[in-house]
Amino acid sequence: MATIGVQLMMVKEAVASDGMFPVLGRIAELGYGSVEVSQVATDEANIAALERGRTELGVQVAAMSVGLQSGPTNTGDALDVDFDRVVGNCHRLGCRHLRIGMMPFAAMVSKAAVVDFARRAEEAAQRLAPEGITLSYHNHHVDFAKHDGETLFDIVRRVSPSLHFEIDVHWVQRGGRDPVSVLREYAGRTELVHLKDYRIGLLPESALGLLASGDFPGFMQAFAGLVQFAEVGAGTLDFASIVPAAIAAGAEHLLVEQDDLYGRDAWDCLAESRSRLRSLGH
């Protein structure tokens with residue numbers, strides 16, 4: 001059975017202020033069984049706390065974030081300069097998955113650039129495999145744009161047969177695809193799944209001020225930008241179908257994440273998502 005986990009990006013401020021181990025304690029109290037390490041330091045203090053959390057709290061390290069190369073879109077370590085340390089941390093923490101959170105922006109603009117990224121990802125996946133570590137790639141909406149009729153996501157899958165995938169169901173929906181269908185398409189190469197809902201927010205009253213002032217482009221930008229990240233069950237996604245599809249696809253860790261909380265407390269959001277998942281029997 002897959003574990004229900006937390007993407008640590010959501011509580012990175014708490015990690016910085018309170019320390020990793022107390023944060024893992026709160027995560028365990030909410031009923032989560034794993035964490036994905038992203039946007040927090042992988043220094044000795046945090047690695048030791050993650051190791052302690054695994055031993056004392058039973059909180060697994062589902063995955064750690066990594067980039068192929070150091071750069072602006074990399075929120076983890078980089079395999080070109082940190083390979084040995086990354087592998088050592090994974091072994092120490094019993095972590096079998098590394099994940100690339102996003103391809104570099106420059107890789108998104110042409111088919112040749114996507115292919116180049118995918119080839120480098122394949123080389124990295126092959127290098128990690130003998131270490132018992134699977135490398136996965138996390139999608140955003142842009143991955144469903146097309147070059148010559150083929151999505152970026154499918155180009156990466158074709159060029160990188162050793163690479164696995166972390167399906168983010170919100171970004172799949174935002175990219176115009178059905179999450180259940182994509183999970184089925186990528187079955188067998190999807191051990192990590194991000195759970196966050198897709199909500200349409202209300203038109204803010206401030207948008208009416210833009211309209212009244214004659215700023216129609218500003219109003220339309222507000223009108224078009226109503227899509228929000230939401231707690232599981234607080235939006236329009238069918239998690240009663242998505243979670244079983246994720247498990248059937250081979251998911252080992254279902255990781256709750258919200259990119260924006262819109263002023264809410266992260267712990268309240270995590271508690272709400274966990275409660276809704278329990279109501280579905282998970």
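The values are calculated or read from the model by the stated rules, or taken from the named source; none is laboratory data. As the structure is a prediction and not an experimental result, all values here were calculated from the model. Quick reminder, even Gly has a Cβ in these numbers, built from the backbone with ideal geometry, and neighbours come from all protein chains shown.
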(request) Mind listing whichever residues of the range 190-205 are surrounded by fewer than 20 Cβ atoms within 10 Å (Cβ to Cβ) and in contact with a helix residue (DSSP H, G or I) (Cβ under 9 Å, 6 or more places away or on another chain)? (result) TYR198, LEU203, PRO204
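So that you can scan it fast, the table gives a plain yes or no per residue for (1) modelled with pLDDT of 95 or more; (2) surrounded by fewer than 18 Cβ atoms within 10 Å (Cβ to Cβ); (3) closer than 19 Å to GLN258 by Cα:
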| position | (1), (2), (3) |
| --- | --- |
| VAL15 | yes, no, yes |
| GLU29 | yes, yes, no |
| TYR32 | yes, no, yes |
| ASN46 | yes, no, no |
(message) GLU252 - would you say it is in contact (Cβ under 8 Å) with a residue 24 or more places away in the chain and in contact with a Cys (Cβ under 9 Å, 6 or more places away or on another chain)?
(response) no
(request) Tell me, yes or no, whether the range 82-94 has at least one residue that is touching a residue at least 40 places away in the same chain (Cβ under 8 Å), surrounded by 15 or more Cβ atoms within 10 Å (Cβ to Cβ), in contact with a strand residue (DSSP E or B) (Cβ under 6 Å, 6 or more places away or on another chain) and not in a helix (DSSP H, G or I). (result) no
(request) Please state which of the following conditions GLY233 fails to meet, knowing it meets all the rest: (1) assigned to a helix (DSSP H, G or I); (2) buried (at least 16 other Cβ atoms within 10 Å of the Cβ); (3) over 17 Å from the mean Cα position of the chain (by Cα); (4) small (Gly, Ala, Ser). (result) (1)
(message) What's the number of the only condition in (1) free of Cβ contacts under 8 Å to residues at least 40 places away in the same chain; (2) out of contact with any Asp or Glu (no Cβ under 9 Å at 6 or more places or on another chain); (3) of a type outside the set (D, E, K, R) that VAL243 fails to meet?
(response) (1)
(request) Give the residues of the range 42-71 that are more than 17 Å from the chain's Cα centre (by Cα), assigned to a loop (DSSP other than H, G, I, E, B) and under 24 Å from GLU166 (Cα atoms), sorted by residue number. (result) THR42, GLY58, VAL59, GLN69, SER70, GLY71
(message) Given the criteria more than 18 Å from the chain's Cα centre (by Cα) and closer than 17 Å to GLY5 by Cβ, does GLU257 qualify?
(response) no
(request) Collect the residues in the range 73-129 that are in contact with a Cys (Cβ under 9 Å, 6 or more places away or on another chain) and basic (Lys, Arg), keeping them in residue-number order. (result) ARG96
(request) Give the range 237-250 a look and list any residue that's touching a helix residue (DSSP H, G or I) at 6+ places or on another chain (Cβ under 8 Å) and either under 22 Å from PRO22 (Cβ atoms) or in a loop (DSSP other than H, G, I, E, B) (or both), or say none. (result) LEU237, ASP238, ALA249
(request) State whether the residues of the range 175-191 include one that is aliphatic (A, V, I, L, M), more than 24 Å from ARG96 (Cβ to Cβ) and in a loop (DSSP other than H, G, I, E, B). (result) no
(message) I want to confirm something. Restricting to the range 145-189 and keeping residues that are of a type in the set (S, T, N, Q) and more than 20 Å from VAL115 (Cα to Cα), which single residue is surrounded by the fewest Cβ atoms within 10 Å (Cβ to Cβ)?
(response) SER181
